[in-house]
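Enquirer: There's a structure below that I have some questions on.
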Amino acid sequence: MSAPALDVPASAGNPGAKALTGALNRFVTVPADVAQYDTDVETASRALRAEPAAVEALAGAGLPHVADPERGPLFDYDDVMNVGMFSGTGETVPELGLRFLMRFAAAAPASWYEPREWLVGIDPAGSLGPLAEGASGPRIEVRTPDTTAAGLEVLSRPCGDATLPPPLDADLQTGGYELAVRLTGERQTVTDPRAYAIWDGIVTPLAERTVTYQTVPERLRADHHRAWDLGIADCIVASKLLAERLTAAGLTARVRRGYLLGLFGSDHAWCELEEDGVRKPLDPVFCFVARTGDKARG
C-alpha cells in the first residue's frame, strides 16, 4: 500500500533519529534493481514528520540511498514509507494514514455490513463542467459504474441525471459522473474446504510475521512470487498469490483492485472466490489486521 506524503510541518510530530533508525531492522528494503532513489530529505521529512537531521541519520544507519552532490542523500520512496510505518511513533504520515484506513477492520464484525452512505464521483480534468477557456484535446474516458449491483442503492445525482451514464451501455464513457449511494454489505460463507487450507497458507505467515506486511513498490507487486520469497507482502501481493493458488486447486477466483479512502486515498486489492454463482470477497490483509492487529503501528 503506497501513500502520498502530506504537506505536514516536520515539527508537528518530530520523531527523533533513534525512532526512525530503529525501524530499519523491521522491514525489508527495496531491492536495488527495483528501487528508485529520488526522494530527497525535504520530501522524506514531510512524510515522516521529522527534522531533516533525523532523516539524514537514516543514510548513516544503513538505509539504501544514493548521494547527490547537490541534493544530499536520495532515498527510495517506498523505503521511506516503511520507515514511517515501522517507527512506532504513531505520528508519521504512513502510521496515521494506515491506522485511519484500517480502523474498521478491528471493529465488531456486525458493523462491517451496516448500510453506509457515500458521495462518489469521478471528475477527470473538470469533465463535469465546460472546458477551461482555451483548453483543447480529447476528454479522458472513465469506467462506467454499474448501479444495478447488489447492495447498491442510488440516492441522488447531485449534478443531474446527465452526469450518470445509463448502466451497462458501455464499459467506458467520456466525462465524469457524481452520485450519492447507499451501500449495504452481506455476510458470505465459503464452503469449499480446499479454500480454507489455501487461505491459511497466506494469512498465517502474515499473522506469524514470517512474511512482513509492508509497502511494496509497484514493480515488485508485478512479481508477487519474488516479493513473497523475499518475505514481504502488501494487499496486492497477498491477493494475487491467494487467487493464483485457489485457481490452481480448480476453484474460480480473481483479484480485484479498488480504492480505500481515509486520511489519504490508497489503492487496495482483495480476492474473490466464486461459489454457486456468488463472488465472495476474501481479503487476507483485512483478516490479518482484524485477527492480530499490529501494536507497533497502532
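The values are calculated or read from the model by the stated rules, or taken from the named source; none is laboratory data. Keep in mind that what you see is a predicted model, and the values were worked out from it rather than measured. Ideal geometry is used to build each Cβ from the backbone, glycine not excepted, and the neighbour counts take in all protein chains shown. Ligands, DNA and RNA are excluded from the accessible area calculation, which covers all protein heavy atoms including side chains. Shrake-Rupley method; radii C 1.70, N 1.55, O 1.52, S 1.80 Å.
Enquirer: How many residues are closer than 12 Å to Leu58 by Cα and touching an Asp or Glu at 6+ places or on another chain (Cβ under 7 Å) if we restrict to the range 73-86?
Expert: Looking only at that region, the number is 3.
Enquirer: Could you please tell me which pairs satisfy a Cβ distance under 6 Å, a separation of 6+ or placement on different chains, a first residue in the range 199-218 that is in contact (Cβ under 8 Å) with a residue 40 or more places away in the chain, and a second residue that is open to solvent by 10 Å² or more (accessible area, probe 1.4 Å) and in a helix (DSSP H, G or I)?
Expert: Pairs that qualify, where the first residue is in contact (Cβ under 8 Å) with a residue 40 or more places away in the chain and the partner is open to solvent by 10 Å² or more (accessible area, probe 1.4 Å) and in a helix (DSSP H, G or I), are Val203/Cys287; Ala207/Arg291; Ala207/Thr292; Thr215/Asp78; Pro217/Asp78.
Enquirer: Going through Gly262, Gly277 one at a time, which residue ends up being out of contact with any Pro (no Cβ under 9 Å at 6 or more places or on another chain) and either at pLDDT 95 or above or closer than 22 Å to Trp112 by Cα (or both)? So that I can check it myself, show each step before the final result.
Expert: Numbers: Gly277 fails: either at pLDDT 95 or above or closer than 22 Å to Trp112 by Cα (or both).
Answer to the check: Gly262.
Enquirer: Considering only residues of the range 195-248 that are assigned to a helix (DSSP H, G or I) and among the basic types (Lys, Arg), which is least open to solvent (accessible area, probe 1.4 Å)? I'd like the intermediate steps shown before the answer.
Expert: Taking the range 195-248 and keeping what is assigned to a helix (DSSP H, G or I), we get 195-207, 218-221, 224-229, 235-248.
So of that shortlist, the ones also among the basic types (Lys, Arg) come out as 219, 221, 226, 240, 245.
Values: Arg219: 136, Arg221: 7, Arg226: 79, Lys240: 54, Arg245: 90 Å².
Out of the qualifying residues, it is Arg221.
Enquirer: Only one residue in Gly121, Gly134, Gly97 is outside any loop (DSSP other than H, G, I, E, B), over 19 Å from Leu58 (Cβ atoms) and modelled with pLDDT under 80. Which one? Even if it seems obvious, please write down each step before you answer.
Expert: Numbers: Gly134 fails: outside any loop (DSSP other than H, G, I, E, B); Gly97 fails: modelled with pLDDT under 80.
Selected residue: Gly121, the only one of Gly121, Gly134, Gly97 that is outside any loop (DSSP other than H, G, I, E, B), over 19 Å from Leu58 (Cβ atoms) and modelled with pLDDT under 80.
Enquirer: Kindly establish whether Ala54 is open to solvent by 70 Å² or more (accessible area, probe 1.4 Å) and either among the aliphatic types (A, V, I, L, M) or in contact (Cβ under 8 Å) with a residue 12 or more places away in the chain (or both).
Expert: Working: open to solvent by 70 Å² or more (accessible area, probe 1.4 Å): no; either among the aliphatic types (A, V, I, L, M) or in contact (Cβ under 8 Å) with a residue 12 or more places away in the chain (or both): yes.
Judged against the criteria, Ala54 is not a match.
Enquirer: Let me ask something else about it. List pairs: first residue in the range 180-196 and within 15 Å of Pro281 (Cβ to Cβ), second residue open to solvent by 100 Å² or more (accessible area, probe 1.4 Å) and modelled with pLDDT of 95 or more anywhere in the structure, Cβ distance under 9 angstrom, at least six positions apart or on different chains.
Expert: Going by the 9 Å Cβ cut-off, the qualifying pairs are Val190/Tyr196.
Enquirer: Next question. Which residue out of Arg71, Arg99, Arg26 is open to solvent by 30 Å² or more (accessible area, probe 1.4 Å), touching a residue at least 24 places away in the same chain (Cβ under 8 Å) and over 21 Å from the mean Cα position of the chain (by Cα)?
Expert: Numbers: Arg99 fails: over 21 Å from the mean Cα position of the chain (by Cα); Arg26 fails: over 21 Å from the mean Cα position of the chain (by Cα).
Result: Arg71 is the single residue among Arg71, Arg99, Arg26 that is open to solvent by 30 Å² or more (accessible area, probe 1.4 Å), touching a residue at least 24 places away in the same chain (Cβ under 8 Å) and over 21 Å from the mean Cα position of the chain (by Cα).
Enquirer: Return only the number of the condition from (1) closer than 24 Å to Phe100 by Cα; (2) modelled with pLDDT of 90 or more that Ala290 does not satisfy.
Expert: Only one criterion in (1) closer than 24 Å to Phe100 by Cα; (2) modelled with pLDDT of 90 or more is unmet by Ala290, namely (2).
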